[in-house]
Amino acid sequence: MTDALHRLITFRQYRKRALALCLAPVALVFVARWMIAAPLDAAGSFASLPSEDAAAPIAAPPGAPDPPAPLDESATAWPLDPLEGPRAKQLLNGALADLVDRLESLSGYEATIWRHERVNGRWLMEQTLRLKVRHQPVSVYMKDIGRPKGCEIIYVDGLRDGKLITHTGGGLLGMLVPPIEVEPRSSLAMSQSRFPITEAGVLPVARMLLDDNRRDLDDPDASVTLDRITDDDGQPLYRSLHRYARPSPDRPFARFEVHYDPETLLPRTYSFHDWPESPGAEPELAGRYSIESFDPSVVLGDIDFDPTNPGYNFR
């Protein structure tokens, strides 16, 4: 093999790895220091948020509507003492249905999300992501702000034949490699997350939780427990614990746990455990998502999901 050919192959492999690091969709994606670091058995710690290198907010165009009001408070009467069984499932079903309705009334939001996830048997590096989400048409802007000049991803339903567009970030490689378009569910995109960018955001997660709970309502193999906890700062949280007796196509996880804001019932953290490889073994932690900030009062326009936005680093 000639030296020139070897260098070309090496560059292509490096480019693929760099792009893979950029492609980290978030389905939660939960996903305020309303997201807290409660003592789950999650690996890793919260990444510190940098005070710079975040894209500057874009002013709303003249004549834009006033920012929407924040979510109304939840009227859910969460149990004072631990509750499980059919009553817990029914209470949670009503609470999640109400949450979905309130989220659907929003046009969109901005958030800062932390995540740590195990994919294909290995833990990926922790990431801190800046997220913009618009509900109609479904639009997502994502930037890795955990490192200088981090990569960016944009997805807009109906554009680019359903593909996302991304770049490798700053540095020499970012100058040499132009942005590329990628299928959201391609092996490259999904090598860095279990959730595609088409399912990123709080509303898809709330819908997923509601669908799961509705399936569990009359299933004796599905266990749901509701209780109350406090975070490391002593702030109260609601919690739901979900456990399953046996795997099925509709249940990719053996158990998962959700922490909710007591006032709005928005999910604050979401952790999930894979099915064990051998019967009787403990489920292994597979990932955790948290939200550092959540702002539904912003007004997002087309420019927020446009690679030519002067505040972004697409070349």
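Could you tell me what % of all Cα pairs in segment 143-272 have separations over 23 Å? Taking all Cα-Cα pairs of segment 143-272, the fraction more than 23 Å apart is 51 percent. Annotation: extensible slack from S186 through E263 equals 23.9 nm (criterion: 0.36 nm per residue apart, minus Cα-Cα distance). With each label modelled as a point 7 angstrom along the Cα→C-beta vector, the S107-R215 pair spans 3.5 nm. FRET efficiency for the L83 to S297 pair, using the beta carbon distance and R₀ = 45 Å, is estimated at 0.85. The stretch between D72 and D250, if pulled fully straight at 0.36 nm per residue, gains 60.9 nm over its current Cα-Cα span. Here the gap between L241 and R315, fully extended at 0.36 nm per residue and compared with their Cα-Cα distance, gives a gain of 22.2 nm. Residues within the reach of a label modelled at A281 (point 7 angstrom out along Cα to beta-carbon, backbone nitrogen below 19 Å), restricted to segment 244-264, are 244-248, 252-256. Across segment 149-158, rounded Karplus estimates of 3J(HN,Hα) from the backbone phi angles (6.51 cos²θ - 1.76 cosθ + 1.60, θ = phi - 60°) give 6, x, 5, 10, 9, 10, 9, 10, 4, x Hz, Gly and Pro being marked x.
Values quoted throughout were computed directly from the atomic coordinates according to the rules given, and no laboratory measurement underlies them. Computed from a predicted structure; not experimentally measured. Don't worry about glycine lacking a Cβ; one is built from the backbone with ideal geometry, like all the others, and counts go over all protein chains shown.
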